[in-house]
Amino acid sequence: MKQLFTVAAAVALAGAGLTGAVQINGAGATFPAPIYTKWFSEYNKLHPEIQINYQPIGSGGGINQITHKTVFFGASDGPMTADQMNAAPGKILHFPTVLGGVVPIYNIPGYSGELQFTGPVLADIYLGKITKWNDPAIAKLNSGVNLPGTDITVVHRAEGSGTTYIWCDFLSKVSPEYKKRVGVATSVNWPVGVAGKGSDGVAALVSQTPGAVGYNELIYAIQNKIKYGSVQNQAGKFLQASLDTVTAAAAAAAKSMPPDFRVSITNAPGDDAYPISSFTWLLLYQNPSDKAQSKTMADFVKWALTDGQKYCKDLGYAPLPQNVVDMELKALATIKTQ
Amino acid sequence: MRSTARARPDEILFRVGTGVFAVLLISLVAAIAFELWRQSQLSIQQFGWNFWQTDTWDPVSGEFGARPFIWGTLYSSVLALLIATPVALGIAIFISELSPAWLQRPLVFFTELLAAIPSIVYGLWGIFVLVPIIRKLEVATPAALKSLPLFSGPPLGVGMLSAAVVLSIMVVPFTSSIAREVLRAVPQAQREGAYALGATRWEAIRMALFYARTGIVGAVMLGFGRALGETMAVTMVIGNTPQISLSLYAPQYTMAAVLANEFSEAADPLYLNALVEIGMVLFVITLVINVISRAFIWSLGRQTRPRQAKAAAAPAVEPA
């Protein structure tokens, strides 16, 4: 099957080569798909002979495909693990492209305002230890709110998802029990709760089930006007996710950014840092065999990290802090383009 | 009709060509089965039969137990059958025996239209329309029933009951159309004989049902096979929680649903092999059920034809 695909791809590329066009295929996370699609189309307007295709099949799928070299680049909301990087037939570099946040959503009968959560409380809810909305732990954080005695219905994602990865990453950092019992991955063994399919499945379940709690990407919640709560960050402040608070989380982590950019920025230090934030990465081989595609992709990433960032705000993504972009441009230069 | 003259080259080509397609299809099924077997070896070697006896499905720690999935698949399909069979048989009987001629065509059309609706559309309808209704139903359950294991658990709306209802709606057109055909295949002589003996309308229908019983069993099993493999509609309303529970209100998980949800993200080889093993078992179960159902349906055809020949050949019986 793989050989068939290679032959077909070769024919397509040969055909493309005849017309001078370059076609690059990528696959991966669904979370950044809207901004990537915008970027690819804007870049195509600037360079009509370059066409980049992207399939949003999920972070795990993206990692899988780039390891098997069925696509030229991958995209993931969670950085590749050491095992995954060792399994790849070449060195893969990570390039953060945009930032996002994950927000807690809820449906409380009789209350339509904002709720405050802390990491440990969210972890206990998702471990099944806090089962009612009027539990003292929640009431303590929300004095003045009349919380009903309704049972909490926990909602999570059914399929593997980068959003789940970011959520579990944060909860594992603030709750050792969560880390032990559940762990961090795109697909985990949830102790309690029902699963919704896709962000829309989770949002639909939460909006229709009185007493439900769930999690969504920030952009999804904003675009669909879903009410979400605030979460306490490491500095002790309760913050709602927004483009500014997510960018602040990245800026704080940027000071100690490792050179391979594989860093988790959940629970970041800093007064204005939203605790459930994350980068999303493009995955590229450092020394791919197709040098023409490599040069094209490297040029595209450079454009995306500089000019492309201006498209982020309209779509609700937080742009990268400048010092991170500077580090990335240096790393980009190490990709072999000839 | 076999011609004694030498076959023309284009006839040979026709025969060989269509033969190739037929063989290709069979070999495709065999190839699928082989691939499923091959790609699940890691999981089979690691877990063996324990795979189907344990309940923990943990991709993070690499522990895979698929018993909740087979439970969910069988339970939801059986429940769907319990709901769908009387409805489908009722439709079949009404269309073939009781309805006026002008109503038959539209009824058939609308019943078959149900089969044409895409599964994901059923899923969306399920989650936005059916689940709130089921939740209201669950909330309104009297306390006496709530203590039974069949109705225990929080009233979420999503769960086994919603899945069974959606599945039953999807199964009805298949079962009813085969049942209709099977009832139509009951020889007219049988019906006339029943009326001649003084049977009422309902008794004549009962006789027809009894005569066509193997075909109807086949129709029901075909519906069962359909319900087993149904994916998108089920995954949107069943709650996707791998647990074994008798309760209709509990969210559970089916084999097809877990494959749909987790396959594209499974990068770890053991995880992938575990999922393929589930796929292989689903494939085998569905194949077996479909083969048995076809055998039942065909056996009715074979049973009818010899009897018709005998009836035509036998002399008329003189009343005593």
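Which residue pairs have Cβ atoms closer than 9 Å, lie 6 or more positions apart in sequence or on different chains, and pair a first residue in the range B:194-208 that is within 18 Å of B:ALA92 (Cβ to Cβ) with a second residue that is at pLDDT below 90 and among the charged types (D, E, K, R)?
B:ARG201/B:GLU97; B:ALA204/B:GLU97; B:ALA204/B:ARG191; B:ILE205/B:GLU97; B:MET207/B:ARG191; B:ALA208/B:GLU97; B:ALA208/B:ARG191
Scanning for something farther than 30 Å from B:GLU138 by Cβ and either surrounded by fewer than 22 Cβ atoms within 10 Å (Cβ to Cβ) or among the hydrophobic types (A, V, I, L, M, F, W, C) (or both), does the range B:226-246 turn up at least one residue? Talk me through it step by step, then tell me what you get.
Step one: of the range B:226-246, the residues farther than 30 Å from B:GLU138 by Cβ are none.
Looking for residues that are farther than 30 Å from B:GLU138 by Cβ and either surrounded by fewer than 22 Cβ atoms within 10 Å (Cβ to Cβ) or among the hydrophobic types (A, V, I, L, M, F, W, C) (or both), one finds none in the range B:226-246, hence no.
If you scan the range B:258-291, which residues turn out to be farther than 16 Å from B:PHE64 by Cα, assigned to a helix (DSSP H, G or I) and facing chain A (nearest Cβ under 9 Å)? Before you say what the answer is, go through the steps one by one.
First, pick out the residues of the range B:258-291 that are farther than 16 Å from B:PHE64 by Cα: B:260, B:264, B:282-291.
Pick out the ones that are also assigned to a helix (DSSP H, G or I) and you get B:260, B:282-291.
The one that is farther than 16 Å from B:PHE64 by Cα, assigned to a helix (DSSP H, G or I) and facing chain A (nearest Cβ under 9 Å): B:ALA260.
Considering B:LEU113, B:LEU82, B:LEU74, which residue is more than 30 Å from B:LEU246 (Cβ to Cβ) and of a type in the set (A, V, I, L, M, F, W, C)? Explain how you work it out, then say what you get.
Values: B:LEU82 fails: more than 30 Å from B:LEU246 (Cβ to Cβ); B:LEU74 fails: more than 30 Å from B:LEU246 (Cβ to Cβ).
B:LEU113 is the lone residue from the list that is more than 30 Å from B:LEU246 (Cβ to Cβ) and of a type in the set (A, V, I, L, M, F, W, C).
Name the residues in the range B:127-181 that are surrounded by 20 or more Cβ atoms within 10 Å (Cβ to Cβ) and small (Gly, Ala, Ser), would you?
Within the range B:127-181, B:GLY157, B:GLY159, B:SER162, B:ALA163, B:ALA164, B:SER168, B:SER176, B:SER177, B:ALA179 qualify.
For every residue, the table says whether it meets (1) closer than 21 Å to A:LEU115 by Cα; (2) surrounded by fewer than 24 Cβ atoms within 10 Å (Cβ to Cβ); (3) at pLDDT below 90.
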{"position": "A:LEU171", "(1), (2), (3)": "yes, no, no"}
{"position": "A:VAL174", "(1), (2), (3)": "yes, yes, no"}
{"position": "A:GLU177", "(1), (2), (3)": "no, yes, no"}
{"position": "A:LYS180", "(1), (2), (3)": "no, yes, no"}
{"position": "A:SER187", "(1), (2), (3)": "no, no, yes"}
{"position": "A:GLY198", "(1), (2), (3)": "no, yes, yes"}
{"position": "A:PRO210", "(1), (2), (3)": "yes, yes, yes"}
{"position": "A:GLY214", "(1), (2), (3)": "yes, no, no"}
{"position": "A:LYS225", "(1), (2), (3)": "yes, yes, yes"}
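Away from chain B (no Cβ under 14 Å) and assigned to a strand (DSSP E or B) - does that describe any residue in the range A:221-228?
yes
What number goes with the only condition from (1) assigned to a helix (DSSP H, G or I); (2) under 17 Å from B:GLU230 (Cα atoms); (3) at pLDDT 90 or above; (4) over 21 Å from the mean Cα position of the chain (by Cα) that B:GLY126 does not pass?
B:GLY126 satisfies every listed condition except (4).
Would you point out the residue of the range A:139-174, among those that are under 24 Å from the mean Cα position of the chain (by Cα) and in a loop (DSSP other than H, G, I, E, B), that is farthest from the other protein chains (Cβ to nearest Cβ)? Before the answer, list the steps.
Step one: list which residues in the range A:139-174 are under 24 Å from the mean Cα position of the chain (by Cα), which gives A:154-174.
Those still in the list that are in a loop (DSSP other than H, G, I, E, B) too: A:158-161.
Values: A:ALA158: 4, A:GLU159: 4, A:GLY160: 3, A:SER161: 7 Å.
Applying the filter and picking the extreme gives A:SER161.
Filter the range B:232-257 for residues that are assigned to a loop (DSSP other than H, G, I, E, B), farther than 20 Å from B:ILE44 by Cβ and more than 7 Å from chain A (Cβ to nearest Cβ) and give the result. It would help to see each step written out before you state the result.
Within the range B:232-257, the first condition is being assigned to a loop (DSSP other than H, G, I, E, B), and the residues that meet it are B:238, B:240-251, B:253-254.
From what's left, farther than 20 Å from B:ILE44 by Cβ: B:238, B:240-241, B:243-251, B:253-254.
Residues satisfying the conditions are B:ILE238, B:GLN243, B:ILE244, B:SER245, B:LEU246, B:SER247, B:LEU248, B:TYR249, B:ALA250, B:TYR253, B:THR254.
From the set of residues in the range A:35-67 that are of a type in the set (Phe, Trp, Tyr) and closer than 25 Å to A:PRO89 by Cβ, which is surrounded by the most Cβ atoms within 10 Å (Cβ to Cβ)? Before the answer, list the steps.
Step one: filter the range A:35-67 for residues of a type in the set (Phe, Trp, Tyr), giving A:36, A:39-40, A:43, A:54.
Now narrow it down to the ones that are closer than 25 Å to A:PRO89 by Cβ: A:36, A:54.
Numbers: A:TYR36: 23, A:TYR54: 21.
So, considering only residues that are of a type in the set (Phe, Trp, Tyr) and closer than 25 Å to A:PRO89 by Cβ, the one surrounded by the most Cβ atoms within 10 Å (Cβ to Cβ) is A:TYR36.
Show me the helices (runs of 4 or more DSSP H) entirely contained within the range B:1-104 in which 3 or more residues are among the aliphatic types (A, V, I, L, M). Talk me through it step by step, then tell me what you get.
Numbers: elements: B:9-39, B:41-47, B:67-93.
Once the helices (runs of 4 or more DSSP H) in the range B:1-104 are filtered for at least 3 residues that are among the aliphatic types (A, V, I, L, M), what remains is B:9-39, B:67-93.
For A:VAL184, indicate whether it is part of a loop (DSSP other than H, G, I, E, B), within 10 Å of chain B (Cβ to nearest Cβ) and of a type in the set (A, V, I, L, M). Lay out the reasoning, then the answer.
On the way: part of a loop (DSSP other than H, G, I, E, B): yes; within 10 Å of chain B (Cβ to nearest Cβ): yes; of a type in the set (A, V, I, L, M): yes.
Yes.
Scan the range B:38-47 and tell me whether some residue there is surrounded by 13 or more Cβ atoms within 10 Å (Cβ to Cβ), at pLDDT 90 or above and within 14 Å of chain A (Cβ to nearest Cβ).
Yes, the range B:38-47 has at least one match.
Give me the pairs: first residue in the range B:76-103 and loosely packed, with under 13 Cβ neighbours inside 10 Å, second residue of a type in the set (Ser, Thr, Tyr) and modelled with pLDDT of 95 or more, beta-carbon distance under 9 Å, and six or more apart or on different chains, which are they?
Between residues of the range B:76-103 that are loosely packed, with under 13 Cβ neighbours inside 10 Å and residues that are of a type in the set (Ser, Thr, Tyr) and modelled with pLDDT of 95 or more, the close pairs are B:LEU82/B:SER168.
If you go through the range A:275-322 one residue at a time, how many are touching a strand residue (DSSP E or B) at 6+ places or on another chain (Cβ under 6 Å), over 20 Å from A:GLY74 (Cβ atoms) and outside any loop (DSSP other than H, G, I, E, B)?
Of the residues in that region, 3 qualify.
Based on this model, can you work out whether A:LEU205 counts as assigned to a helix (DSSP H, G or I) and at the interface with chain B (Cβ under 9 Å from one of its Cβ atoms)?
Values: assigned to a helix (DSSP H, G or I): yes; at the interface with chain B (Cβ under 9 Å from one of its Cβ atoms): yes.
When the stated conditions are applied, A:LEU205 passes them.
Please pick out the residue among B:LEU300, B:LEU282, B:LEU259 that is at pLDDT below 85 and surrounded by 14 or more Cβ atoms within 10 Å (Cβ to Cβ). First the steps, then the outcome.
Details: B:LEU282 fails: at pLDDT below 85; B:LEU259 fails: at pLDDT below 85.
Residue meeting the stated conditions: B:LEU300.
The values are calculated or read from the model by the stated rules, or taken from the named source; none is laboratory data. Not measured: the values here are computed from a predicted model. Here the Cβ is made from the backbone with ideal geometry for all residues, glycine too, and neighbour counts use every protein chain on show.
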